[in-house]
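The values are calculated or read from the model by the stated rules, or taken from the named source; none is laboratory data. Computed from a prediction, not measured in an experiment: that's the story for all the values here. No Cβ is skipped: glycine too gets one built from the backbone with ideal geometry, and neighbour counts run over all protein chains shown.
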Amino acid sequence: MGLIQLWVDDPTLPNAPPDKLFNNAELSDVEVFSLALHGESLPLNDHFTLGELRCHDGSDIVLVHPYLVALLESIRLEMGSPLRLTNAYRSHQHNIAVGGAPRSKHLYGMAADVYANGIEPIVLANIADSLDAGGIFIYDTFCHVDVYGFGRRG
């Protein structure tokens, strides 16, 4: 297991979320990493590394919410095949450059845009919904998932 423990495996851990794991994330739980210090290959869990969640603008800092990593791992395990990320954390500057929402959850490491080869985004959305993800938005080639709030769908 990597640096971020999957609370799914042990709900008795301190700070384990109550009944809804993937939709009650708090900003205070966001973890700050440095690519220079920790390295892109730092495992966050069994299948995801820090480099996969980094911002694509080349910035050193990466914000990661542990619930997001747990959600991504849960979706991957449910699918039984690799899950790919097009975006996870975004710096403020990069979020503006890509036309992201001003209060995007990507800014806090609480959201990811995901796809899987040969699997339609609606399938990923249904899996995320079955896991009670906070926000789920379906696009042509990917699915946005986040761990903030509940019931935001699109």
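Some observations on this one:
- Every residue from the range 103-132 that is more than 10 Å from the chain's Cα centre (by Cα), of a type outside the set (Ser, Thr, Tyr) and part of a loop (DSSP other than H, G, I, E, B): Arg103, Asn117, Gly118, Glu120, Leu131, Asp132
- For the range 18-39, a residue qualifies if it is part of a loop (DSSP other than H, G, I, E, B), surrounded by fewer than 16 Cβ atoms within 10 Å (Cβ to Cβ), within 16 Å of the chain's Cα centre (by Cα) and at pLDDT 80 or above, and exactly one does: Glu26.
- Within the range 133-147, considering residues that are outside any loop (DSSP other than H, G, I, E, B) and touching a Gly at 6+ places or on another chain (Cβ under 8 Å), the one nearest to Leu63 (Cα to Cα): Asp146
- Selection of the range 79-102 for residues being assigned to a loop (DSSP other than H, G, I, E, B) and of a type outside the set (Ser, Thr, Tyr) yields Gly80, Pro82, Leu83, Ala88, Arg90, Val98, Gly99, Gly100, Ala101, Pro102.
- Condition check for Leu83: over 25 Å from Ala36 (Cβ atoms) and buried (at least 21 other Cβ atoms within 10 Å of the Cβ): yes
- Beta carbons closer than 6 Å, at least 6 apart along the sequence or on distinct chains, pair a first residue in the range 118-143 that is acidic (Asp, Glu) with a second that is part of a loop (DSSP other than H, G, I, E, B) for Asp132/Lys20; Asp132/Phe22; Asp132/Asn23.
- Among residues of the range 96-108 that are surrounded by 12 or more Cβ atoms within 10 Å (Cβ to Cβ), those with a beta-carbon under 8 Å from a residue that is at pLDDT below 95 and aliphatic (A, V, I, L, M) at least six positions away or on a different chain give the pairs Lys105/Val147; Tyr108/Leu27; Tyr108/Val30.
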